[in-house]
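S.K.: The following block contains the structure, expressed as structure tokens.
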């Protein structure tokens, strides 16, 4: 394992109630999903903010890279399903996966805890996934009756192979960090305190 600068998410959010916290740390834009009561589910407003922030970072020469992380030991439970199912469809494009894939600077998903469904699509859209040893990954689209519209069908099979992608998508079962690393889903593992 190579040496990395420590990303102290708790220190960066520092009591913030903002659902999406953006901080600049030594030339790196750090975006932190911060909705602990909703297991860091990504709302429509957060998706819009994510797009605005990444667009601004694209043209900011001070920003050399970006990191997406989750607060409170949870990367994210994905799109806010309660919001998605609460009324008429509210589509916002570009979605977080498109935004991450269009960013021309390196973008890293720092995954601690659960990374599910839309969050997995976002992580797979990043250039690198660094996971803590307590990270867990699942594609639960089929369990909640949603279509993986942020790129998961192509991205997951590209990362882990068609058969493993089918297994994850059809069962909705979680895989742990070790298996995710062995399957090629993540680039590197780290202890939670070193993530």
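Since every read-out is calculated from the coordinates, none of them should be taken as a lab result. Every value quoted in this text rests on a predicted model; they were computed, and no experiment measured them. Cβ coordinates were reconstructed from backbone atoms using ideal geometry, including for glycine residues, and neighbour counts include every protein chain displayed.
S.K.: Based on other C-beta atoms within 10 Å, arrange 126, 115 from fewest to most.
M.R.: Fewest-to-most ranking of 126, 115: 126, 115.
S.K.: Sorting 61, 176, 139 on the 10 Å Cβ count, fewest up front, what's the list?
M.R.: 61, 176, 139
S.K.: Sticking with this one: What shape does the stretch 132-195 take by its C-alpha gyration tensor, where a ≥ b ≥ c are the square roots of the eigenvalues and a/c under 1.5 counts as rounded, a/b above b/c as prolate, and the rest as oblate?
M.R.: Cα axes put the stretch 132-195 in the prolate bin.
S.K.: Sort 97-108, 30-41 by the packing proxy (mean of other Cβ within 10 Å over each peptide's residues), most packed first.
M.R.: My ranking of the peptides, most packed first, is 30-41, 97-108.
S.K.: Something else: Percent relative contact order of the chain, based on C-alpha pairs within less than 8 angstrom and at least six residues apart?
M.R.: 18 percent.
S.K.: Still on this structure, please answer the following. Can you tell me the length gained on complete extension of the stretch residue 85 to residue 170, counting 0.36 nm per residue apart and subtracting the Cα distance?
M.R.: Roughly 28.5 nm would be gained on extension.
S.K.: For the chain, what is the calculated [θ] at 222 nm in deg cm²/dmol (nearest 500), taking -39500 (n - 2.57) for each run of four or more DSSP H residues and dividing by its residue count?
M.R.: -9500 deg cm²/dmol
S.K.: Gap in Å between the Cα centre of the stretch 78-147 and the Cα centre of the stretch 39-62?
M.R.: The two parts, judged by their Cα centres, are 13 Å apart.
S.K.: I need 72, 95 ordered by Cβ neighbour count within 10 Å, fewest first.
M.R.: 72, 95
S.K.: Name the shape class, rounded, prolate or oblate, that the alpha-carbon gyration tensor gives for the stretch 94-177, where a ≥ b ≥ c are the square roots of its eigenvalues, rounded holds for a/c under 1.5, and otherwise prolate holds if a/b is larger than b/c and oblate otherwise.
M.R.: Taking the square roots of the gyration eigenvalues as a ≥ b ≥ c, the stretch 94-177 is oblate.
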